[in-house]
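A.B. asks: Submitted below is the structure of interest, expressed as structure tokens.
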Ligand SMILES: Nc1ncnc2c1ncn2[C@@H]1O[C@H](COP(=O)(O)OP(=O)(O)O)[C@@H](O)[C@H]1O
Ligand SMILES: [Mg+2]
């Protein structure tokens, strides 16, 4: 499903839900009015109580719909086409002064593959992702970008956002082909509405920055996502939505996360363990390891 279609469907969904809400509210009001009339007569007290309960149930289920409604469905569009192995790296090493972070790490990211990078705090996960994203240089080794590679990088400290620019400007920068109306709609599904989109990114809270950086990724049509702790600071509803969207993402994902739920939602095939750079097939014991670390 392309962007245009997706946004159209979203609008239709919202329209339908609005109608359902109005209907339910009308019914509940009618029930309550009738119950009030009945309640005055002793013979109809039981019927009145039943009506009140039905009205409460109707309104209760509405509340649930509202809570879900606040976070709209998020979906990654199909990634830009790319070769069989969009990203390779060989013999990567990095030191800071005399502190050796990792040495001779090899990596091949196949199209659509899901890889989790694990390691204790300070093992070099963020450093590796920065190198893969091209924002930091390795001391040895090199990146070999495959045909059509388009990277989407979610930085742990949100360095990818331009703090001087507004929320909307950040979005337009991430996807120059997107028009302003559509950019606003996507921002809406990440809970930025009205004047929010004119705020400079620098003043946003941690959770808001995370949502903006994720919104920018969603519209970027990247075919390799490098995600460094993407669920930190996220409210539970937004986290659920983004994990669902990730689970159906067609492109490749390299994920660093302490959030076991996020890792399991990705359903990875492989794991890269830092600082050794050993690769292994994913299995449950790695989930246990993440939960412990
Ligand atoms: N720019 C830097 N200068 C010096 N040391 C750094 C720099 N960036 C990271 N480090 C150090 O490198 C190590 C690995 O950091 P990092 O990649 O952030 O680890 P992780 O993401 O696995 O927790 C840490 O000990 C950290 O302090
Ligand atoms: Mg880190």
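The values are calculated or read from the model by the stated rules, or taken from the named source; none is laboratory data. All values reported here derive from a predicted model rather than from experimental measurement. Cβ sites come from the backbone with ideal geometry, for glycine too, and all protein chains shown count toward neighbours.
A.B. asks: Failed condition for residue 82, given (1) in contact with a strand residue (DSSP E or B) (Cβ under 9 Å, 6 or more places away or on another chain); (2) at pLDDT 95 or above; (3) assigned by TED's automatic domain parsing to the domain that holds residue 218, with all others met?
C.D. replies: (3)
A.B. asks: Next question, about the same structure. Taking the stated definitions as given, is residue 91 within 16 Å of ligand 2 (Cβ to nearest atom) and over 29 Å from residue 194 (Cβ atoms)?
C.D. replies: no
A.B. asks: For residue 210, state whether it is assigned to a helix (DSSP H, G or I), away from ligand 1 (no atom under 16 Å from the Cβ) and crowded, with 21+ Cβ neighbours inside 10 Å.
C.D. replies: Answer is yes for this residue.
A.B. asks: Would you check if residue 234 is under 30 Å from residue 86 (Cα atoms), modelled with pLDDT under 90 and assigned to a loop (DSSP other than H, G, I, E, B)?
C.D. replies: Against the criterion (under 30 Å from residue 86 (Cα atoms), modelled with pLDDT under 90 and assigned to a loop (DSSP other than H, G, I, E, B)), residue 234 qualifies.
Per-residue answers, yes or no, for (1) within 27 Å of residue 233 (Cα to Cα); (2) surrounded by 13 or more Cβ atoms within 10 Å (Cβ to Cβ); (3) within 16 Å of ligand 1 (Cβ to nearest atom); (4) not assigned by TED's automatic domain parsing to the domain that holds residue 227:
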residue	(1), (2), (3), (4)
111	no, yes, no, no
126	yes, yes, yes, no
131	yes, yes, yes, no
145	no, yes, no, no
161	yes, yes, no, no
168	yes, yes, no, no
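The rows are residues; the columns are (1) closer than 23 Å to residue 172 by Cα; (2) under 13 Å from the mean Cα position of the chain (by Cα); (3) within 16 Å of ligand 2 (Cβ to nearest atom).
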position	(1), (2), (3)
195	yes, no, no
226	yes, yes, yes
246	yes, yes, no
258	no, no, yes
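A.B. asks: Condition first: more than 22 Å from the chain's Cα centre (by Cα) and under 24 Å from residue 95 (Cα atoms). Can you find one or more residues in the stretch 153-164 that meet it?
C.D. replies: Within the stretch 153-164, not a single residue is more than 22 Å from the chain's Cα centre (by Cα) and under 24 Å from residue 95 (Cα atoms).
A.B. asks: Can you find even one residue in the stretch 239-260 that is touching a strand residue (DSSP E or B) at 6+ places or on another chain (Cβ under 8 Å), in a loop (DSSP other than H, G, I, E, B), touching a residue at least 24 places away in the same chain (Cβ under 8 Å) and farther than 17 Å from residue 113 by Cα?
C.D. replies: Taking every residue of the stretch 239-260 in turn, none turns out to be touching a strand residue (DSSP E or B) at 6+ places or on another chain (Cβ under 8 Å), in a loop (DSSP other than H, G, I, E, B), touching a residue at least 24 places away in the same chain (Cβ under 8 Å) and farther than 17 Å from residue 113 by Cα.
A.B. asks: Take the conditions within 15 Å of ligand 1 (Cβ to nearest atom) and in contact with a strand residue (DSSP E or B) (Cβ under 8 Å, 6 or more places away or on another chain) and apply them to residue 119. Does it pass?
C.D. replies: yes
A.B. asks: Within the stretch 170-198, can you find the residues that are surrounded by fewer than 17 Cβ atoms within 10 Å (Cβ to Cβ) and not in a helix (DSSP H, G or I)?
C.D. replies: Answer for the stretch 170-198, where residues must be surrounded by fewer than 17 Cβ atoms within 10 Å (Cβ to Cβ) and not in a helix (DSSP H, G or I): 176, 177, 179, 193.
A.B. asks: When the stretch 115-168 is examined, which residues are found to be assigned to a strand (DSSP E or B), within 16 Å of residue 217 (Cα to Cα) and within 16 Å of ligand 2 (Cβ to nearest atom)?
C.D. replies: Once the filter is applied, which keeps residues that are assigned to a strand (DSSP E or B), within 16 Å of residue 217 (Cα to Cα) and within 16 Å of ligand 2 (Cβ to nearest atom), the stretch 115-168 yields 153, 154.
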